[in-house]
Amino acid sequence: MPEESVLTDDFLRELMNVGEVDILVGVPTYNSAATVGQVVQAIRGGLLKYFPRERAVIINADGGSRDDTQELVRAASISDMQNAAHPQALRTLHSISTHYQGEPGSSRALYTMLAAADLLHPAACAIIAADSTIEPDGIPRLLQPVYHDKLDLITPVYRRHKFDGLLIRNLIYPVIRALYSKCVREPYASEFAFSGRLGTYLFGCDVWSEDLGFAGSELFLTVAAINDGFRLAQAFLGSKNTLDHGPADLVRAMRDTVGPLFWTLEHKPPARPTESNGDFVLTIGGNAEITLEPRRINRKRLYQMFVDGVVELEPILKSILSAGTLVELKQLAAISESDFCYSDDLWVKTVYEFAASYHKAVISRDHIIQALAPLYRGKIHTFLGENRDSGSEQVEQHVDALCLTFTRFKPYLGELWNGRK
């Protein structure tokens, strides 16, 4: 997308009025009035308390909200004349909002903020979701390692229930860890920080001119930072309250995550082959935590949707999967629920064959992503059963074992990627 289509005249005037800054915090929104006020107040509080001498700006990239979202963001500004009421504010804190063109999406918002950063030259940037539960103390956890310690990317880790983040734990994280050899727990983050150096690099990437560059660019950002030698760390931000999408939304969730993952594998293939199962990344403020409170999940429905999906989608699966893998899945679909077990080996082969078929576009890429949904439900049925009575250490062991399997099968993906099934 050309820069001039992002920096509208009004937005450009506001940015020029702000001038160069030390810190930029971006907030992507779309009809977010119910939550964004609390978020921008947390950002403002964190900036005023921990960065009182730095020139800072909050930039809202809005997808065309019809509520009071943009007004709530602009209200976070503190001018020089207001500093008497805010003695910790030694500089003006600007908070501006712009409406970007096109369909609402976090990637379009991210590109808008990268364009703004390219003009304002901040040393450190952060992106905070409009529905984030971040507290003021979370702002320095993201920004200080970039601003003071010169790191390039800070991704979050959270306190999650053992059955939250299932798509991340069972697919996104293990694939990134296996192929790029970094243990980044939240590679597709909605709140993260990055250096001006990384922002400039990302802004210059050619993915923004492609439609798919506007779906999942946060994941591309993480992979680019890993693959191209930038310095990474993670920061503990407390509880993650957003639950996984329910069954009715699973296809949409996979379009928003697995599609960008497969797309990123094409545009950022791993730089160096390695046998490593993933180098651990420095975590600041505490490690990821798992909570264990009881939760009811309809496993029987997951099993039945897997069985129905294998039967109904067999003609499509024939185009995507190897003959051997499809036979194994059909055999699995014929097993009773009490004996059902979608093994790690079979799941990894499934994912890698889907990734290779996406790469080759053997059929519509969207149809490929949709066809993975019922198979993922089968894997989650097994994960839930294995971890029903597991403590946090056992859950981590199961996730680590899956990551090892993804690593072990990397040569298989290479064969698929460059040859035939």
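The values are calculated or read from the model by the stated rules, or taken from the named source; none is laboratory data. All of these numbers come straight from a predicted model, not from anything done at the bench. All Cβ positions, glycine included, derive from the backbone under ideal geometry; neighbour counts span all protein chains shown.
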Selection count, segment 58-93, where residues are modelled with pLDDT of 90 or more, surrounded by fewer than 20 Cβ atoms within 10 Å (Cβ to Cβ) and in contact with a helix residue (DSSP H, G or I) (Cβ under 6 Å, 6 or more places away or on another chain):
2
Note: among ARG53, ARG13, just one is assigned by TED's automatic domain parsing to the domain that holds GLU218, surrounded by fewer than 22 Cβ atoms within 10 Å (Cβ to Cβ) and part of a loop (DSSP other than H, G, I, E, B), namely ARG53
Sole miss for GLU20 among (1) assigned to a loop (DSSP other than H, G, I, E, B); (2) of a type outside the set (Lys, Arg); (3) modelled with pLDDT under 95 is condition (3)
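Residues that are under 30 Å from ARG296 (Cα atoms): find the helices (runs of 4 or more DSSP H) completely inside segment 338-421 holding 1 or more of those.
Here the list reads 344-360, 365-386, 392-408.
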Being surrounded by fewer than 24 Cβ atoms within 10 Å (Cβ to Cβ) and at pLDDT 95 or above is the requirement here; does GLY196 meet it?
yes
Restricting to segment 320-338, and then to whatever is hydroxyl-bearing (Ser, Thr, Tyr) and surrounded by 13 or more Cβ atoms within 10 Å (Cβ to Cβ), can you tell me which residue is farthest from ALA355 (Cα to Cα)?
THR325
Scanning for something surrounded by 13 or more Cβ atoms within 10 Å (Cβ to Cβ), within 25 Å of the chain's Cα centre (by Cα), in the same structural domain as LYS182 (by TED's automatic domain parsing) and in a helix (DSSP H, G or I), does segment 268-282 turn up at least one residue?
no
Pairs, please: C-beta under 7 Å, at least 6 apart or cross-chain, first residue in the same structural domain as TYR342 (by TED's automatic domain parsing) and in a helix (DSSP H, G or I) and in segment 311-328, second of a type outside the set (A, V, I, L, M) and crowded, with 18+ Cβ neighbours inside 10 Å?
ILE320/GLU353; ILE320/PHE354; ILE320/SER357; THR325/LYS349; THR325/THR350; THR325/GLU353
Within the group ILE96, ILE134, which residue is within 22 Å of VAL281 (Cα to Cα), modelled with pLDDT under 95 and either among the β-branched types (Val, Ile, Thr) or surrounded by 22 or more Cβ atoms within 10 Å (Cβ to Cβ) (or both)?
ILE134
